[in-house]
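These notes are about the structure you will find just below.
The values are calculated or read from the model by the stated rules, or taken from the named source; none is laboratory data. Just so it is clear, the model here is predicted, and its values are computed rather than measured. Every residue, glycine as well, gets a Cβ built from its backbone with ideal geometry; the counts of neighbours run over all protein chains shown.
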Amino acid sequence: MEIPGDTFLLMIEAAGTFAFAVSGAMAAIRNRFDIFGIFVLAFVTAIGGGTIRDLLIGNLPVNWLTDTLVITSATTGFIFSLVVYRRMNKLEGWLFTFDAAGLGLFTVMGAQIALEAGMSGGVSVALGVITGCFGGVLRDVLAGDKPLIFQKEVYAMAAITGGILFLLILQYFDSLFVAQILGIAVIILIRVIAVKYKLGLPRFSENPVR
């Protein structure tokens, strides 16, 4: 039995917000922020990408100002991080896990919301990538780290691939639930493979190799 698209979208929103809030909190804890700083970084990571998407498509007021689910999910992610972080021996591993989950969940959610707002397929994929990536960009900048999206790791390309797959399945097979699940799964899988095997896009150096 297929879960209704709107219901699953709410599940994606809650899970993605929680995952990104945890990734933001873990980054703050790793960088020895105080408790207020941890909350701010968790919240900014959770709502950053969606806020930019809403501003671009004119969805005002932006989603988190009127959606208590977002506030609740982000706060839950913050509290969860405070409770369990001492049991996480490797914060980097947990940060990657929750970041990959948030990327997959938010990219698909962003693309779907853009489609429902009447955007074209290409624009919807781009807005999905913005939704998935820019919370992490804000997290890394505020934490004083180089944003993952600009490094060698396959990050934005994973979101682009998953967003395109979501769009194609939706267009040619007309199954929203399958498109959502496969889009999310592919993004997470690409991130896992890229990190495990140290895959990445080529980088250019100012000084040519001799």
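One line per residue, one yes/no per condition, for (1) closer than 17 Å to residue 142 by Cβ; (2) surrounded by 20 or more Cβ atoms within 10 Å (Cβ to Cβ):
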| site | (1), (2) |
| --- | --- |
| 16 | no, yes |
| 24 | yes, yes |
| 33 | yes, no |
| 54 | no, yes |
| 81 | yes, yes |
| 85 | no, no |
| 110 | no, yes |
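For segment 156-176, state whether one or more residues are of a type outside the set (Asp, Glu), closer than 18 Å to residue 13 by Cα, modelled with pLDDT under 95 and in contact with a Leu (Cβ under 7 Å, 6 or more places away or on another chain). The answer is yes, given that some residue of segment 156-176 is of a type outside the set (Asp, Glu), closer than 18 Å to residue 13 by Cα, modelled with pLDDT under 95 and in contact with a Leu (Cβ under 7 Å, 6 or more places away or on another chain).
Looking only at residues in segment 147-197 that are surrounded by fewer than 18 Cβ atoms within 10 Å (Cβ to Cβ) and of a type in the set (Ser, Thr, Tyr), the one that is nearest to residue 23 (Cα to Cα) is 197.
Screening segment 56-75 for residues that are hydroxyl-bearing (Ser, Thr, Tyr) and surrounded by 16 or more Cβ atoms within 10 Å (Cβ to Cβ) and picking the one that is nearest to residue 114 (Cα to Cα) gives 73. Tell me whether segment 143-152 contains one or more residues that are in contact (Cβ under 8 Å) with a residue 40 or more places away in the chain, closer than 17 Å to residue 201 by Cβ and not polar (S, T, N, Q). Yes, there is a match, as at least one residue in segment 143-152 is in contact (Cβ under 8 Å) with a residue 40 or more places away in the chain, closer than 17 Å to residue 201 by Cβ and not polar (S, T, N, Q). In the set 16, 24, only one residue is part of a helix (DSSP H, G or I), in contact (Cβ under 8 Å) with a residue 24 or more places away in the chain and either in contact with a strand residue (DSSP E or B) (Cβ under 7 Å, 6 or more places away or on another chain) or within 13 Å of residue 72 (Cα to Cα) (or both); that residue is 16.
Is there a residue in segment 132-147 that is over 21 Å from residue 74 (Cβ atoms) and part of a loop (DSSP other than H, G, I, E, B)? Among the residues of segment 132-147, at least one is over 21 Å from residue 74 (Cβ atoms) and part of a loop (DSSP other than H, G, I, E, B), which makes the answer yes. Identify all residues within segment 30-56 that are touching a Leu at 6+ places or on another chain (Cβ under 7 Å) and either of a type in the set (Gly, Ala, Ser) or modelled with pLDDT under 95 (or both); write none if there are none. Residues satisfying the conditions are 30, 48.
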